[in-house]
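Down below is the structure, laid out as structure tokens.
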Amino acid sequence: MDMPDHRCPFGLKSLDLLQRRGFEVEDHPLRTREETDGFMQREGVKTTPQTYIDGERIGGYEELRTHFGLAVKDEDEVTYMPVIALFAVAFAMALAIGWRMEGAVASLRTFEIFVATAMVLLGLQKLKDVESFSTMFLNYDLLARRWVPYGYVYPFAETLAGVLMLASALIWLAGPVALFIGTVGAVSVFKAVYIEKRELKCACVGGDSNVPLGFVSLTENLIMMGMGLWMPFRVYVLQA
């Protein structure tokens, strides 16, 4: 479909894929709604674009990828990719900030910045849709099951603690908050995954997540607990 108010992204992707595969493409764009409806009725299909190779109908963009032996994303497939991407970006940001502030990329402060930045980014993912997050969170969090509003408070608490730790400010508040939510989270994940053996999705990157609840989620909470203990110790004991 190539109309004044809409140009089909899957059509563009199909065209690009075919060209990259060395095909000479004879493109037939559908310029109006009437042309589109007529084409779908004539060919007995429900969507566009449709690709034909040597007179054989292959189908839409995903069918074309399958035809070439390429992976097709399964919307229901569980994956750690969102968490990996988030932590990779947080680590890169920590290295950059540490280099600028400390003059070295490998320092204890760099690790603190990494964890704090990850907390902020994780909180941001939840804040995009707090309602969906709280719903998924209720599947396993022990405190949220007893006090439902906790599921709405959690994203703000995690983000606040991360921001304060980045600034090394109000650690008397940030430390206990991180320790509390990290401890409750760790106990909840451990109970759901390792005791009850439940297969659930983690709400750590938001309510639309396909990240499986498990070791990564537990590790995330344990690190948050560690930061909740370490930051007050560094600020109020080591620097005293």
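Quick rundown of the values:
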read-out: Residue among Arg42, Arg57, Arg100 that is assigned to a strand (DSSP E or B), loosely packed, with under 14 Cβ neighbours inside 10 Å and over 27 Å from the mean Cα position of the chain (by Cα); value: Arg57
read-out: Qualifying residue in segment 219-234 (condition: open to solvent by 30 Å² or more (accessible area, probe 1.4 Å), of a type in the set (Val, Ile, Thr) and over 22 Å from the mean Cα position of the chain (by Cα)); value: no
read-out: For Tyr154: the one exception among (1) under 23 Å from the mean Cα position of the chain (by Cα); (2) surrounded by fewer than 23 Cβ atoms within 10 Å (Cβ to Cβ); (3) free of Cβ contacts under 8 Å to residues at least 60 places away in the same chain; value: (2)
read-out: Filter result (of a type in the set (A, V, I, L, M) and surrounded by 14 or more Cβ atoms within 10 Å (Cβ to Cβ)) within segment 140-151; value: Leu142, Leu143, Ala144
read-out: Residue match in segment 130-149 (condition: among the aromatic types (Phe, Trp, Tyr), assigned to a helix (DSSP H, G or I) and either in contact with a strand residue (DSSP E or B) (Cβ under 7 Å, 6 or more places away or on another chain) or modelled with pLDDT of 95 or more (or both)); value: no
read-out: Any hit, segment 195-206, residues being under 21 Å from Arg109 (Cβ atoms) and not in a helix (DSSP H, G or I); value: no
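The values are calculated or read from the model by the stated rules, or taken from the named source; none is laboratory data. Quick caveat: nothing in here was measured; it's all calculated off a predicted structure. No Cβ is skipped: glycine too gets one built from the backbone with ideal geometry, and neighbour counts run over all protein chains shown. The protein model used for the area step is the full one, side chains on, heavy atoms only, and it has no ligands, DNA or RNA in it. Shrake-Rupley method; radii C 1.70, N 1.55, O 1.52, S 1.80 Å.
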